[in-house]
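Below: one structure, written as C-alpha cells.
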Amino acid sequence: MSRPIRVLGLGGSMSSPSSSMAALKIALEGAREAGAETSLIDVASLNLPMYSPGEEAITPAIRELNDHVHAADGMLWSSPLYHGAISGLFKNALDWLELLHDYKPPYLSGKVIGLISTAGGAQALQAVNNMEFIVRAMRGWAVPLVAPISRAWTVFDGDGQSKDPKIASQLKMLGQEVTRAAARMRDSA
Ligand SMILES: Cc1cc2nc3c(=O)[nH]c(=O)nc-3n(C[C@H](O)[C@H](O)[C@H](O)COP(=O)(O)O)c2cc1C
C-alpha cells in the first residue's frame, strides 16, 4: 500500500490570535479527513532572518523548512492581506525556499498548493492572486479552488473556530481538494 499523501500547512502571522493561522488549521483538518498526513509550520515561530543569498546565512531552521517542504506532496498556504499583497513575514519564508533550487526535483515541481488569505476588508482575493504568481514562479500547481476570507475579524472566534459554517466548509473542501489533486499527481508521476 502506498504511503499517505503528505500535506503541509505554511502560514500565520505575528498576531495572536491569527486569523490566517485559524483558517489554515481548519483547511488542514479537511486534508486530514481526506486521508492526508498533515503537518503545520507557523511562519512566525521560525524566527527566520531576512532572506540573504549565501551559505553563511543558512540556519538549521531554514534547512528544516526546505526539507519539510520538499517532503510534502501538497501544501496549504495562508497569509493575511497586507497593503494589497501577502505579508512580508510570509514572503520572507517563501524567499528562503530558494534553497529548493538545488533539490531534485527543484522548487515546488509536482506539488499541489491550496491558497488561503484573510483580510480586514473586502479584497482578500488580492493576496490569493499574489500567491498564485509565486506558486507558478516556483513551478508548483495551484488548485483552482481558493479560500479568500474577507472581513476575517467577523469570522473567527478567539479559539480559532469559524463562526460561519460556510467558510469552515469551504476551507475544509480546499484541504480535501489539495489531498485529492496531490494523490492524482503522485499516481501519474
Ligand atoms: C500592516 C497591515 C496591512 C494591512 N493591509 C490590509 C489591506 O490592504 N486590506 C485589507 O483588507 N486588510 C488589511 N489588513 C488587515 C489584515 O489583513 C487582517 O487583519 C487579517 O485578518 C490579519 O490576519 P492575521 O490575524 O493572521 O494577522 C492589514 C493589516 C496590517 C497589520
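The values are calculated or read from the model by the stated rules, or taken from the named source; none is laboratory data. These numbers come from a predicted model, not from an experiment. Glycine also receives a Cβ, built like all others from the backbone with ideal geometry; neighbour counts cover every protein chain displayed.
Values as computed for the structure displayed
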read-out	value
Total residues in segment 132-153, condition surrounded by 24 or more Cβ atoms within 10 Å (Cβ to Cβ) and more than 10 Å from the ligand (Cβ to nearest atom)	1
Filter result for Asp67 (under 24 Å from Gly175 (Cα atoms), surrounded by 15 or more Cβ atoms within 10 Å (Cβ to Cβ) and either modelled with pLDDT under 95 or away from the ligand (no atom under 16 Å from the Cβ) (or both))	no
Residue within segment 154-172 that is away from the ligand (no atom under 13 Å from the Cβ), under 19 Å from Gly30 (Cα atoms), aliphatic (A, V, I, L, M) and not in a strand (DSSP E or B) present	yes
Selection within segment 1-53 - more than 12 Å from the chain's Cα centre (by Cα), more than 14 Å from the ligand (Cβ to nearest atom) and under 15 Å from Leu94 (Cα atoms)	Leu46, Asn47, Leu48, Pro49, Met50, Tyr51, Ser52, Pro53
Neighbours by Cβ (under 6 Å, 6+ apart or cross-chain): first from segment 161-181, charged (D, E, K, R); second buried (at least 19 other Cβ atoms within 10 Å of the Cβ) and part of a helix (DSSP H, G or I)	Lys172/Gly30
Near pairs, Cβ below 6 angstrom, 6+ apart or cross-chain, from segment 123-139 (closer than 12 Å to Lys91 by Cα) to any residue that is within 16 Å of the ligand (Cβ to nearest atom) and among the hydroxyl-bearing types (Ser, Thr, Tyr)	Ala127/Ser79; Ala127/Ser117
Residue in segment 33-48 that is aliphatic (A, V, I, L, M), more than 25 Å from Arg139 (Cβ to Cβ) and in contact with a Ser or Thr (Cβ under 7 Å, 6 or more places away or on another chain) present	yes
Ile62 vs. criteria within 21 Å of Ser13 (Cα to Cα) and surrounded by 20 or more Cβ atoms within 10 Å (Cβ to Cβ)	no
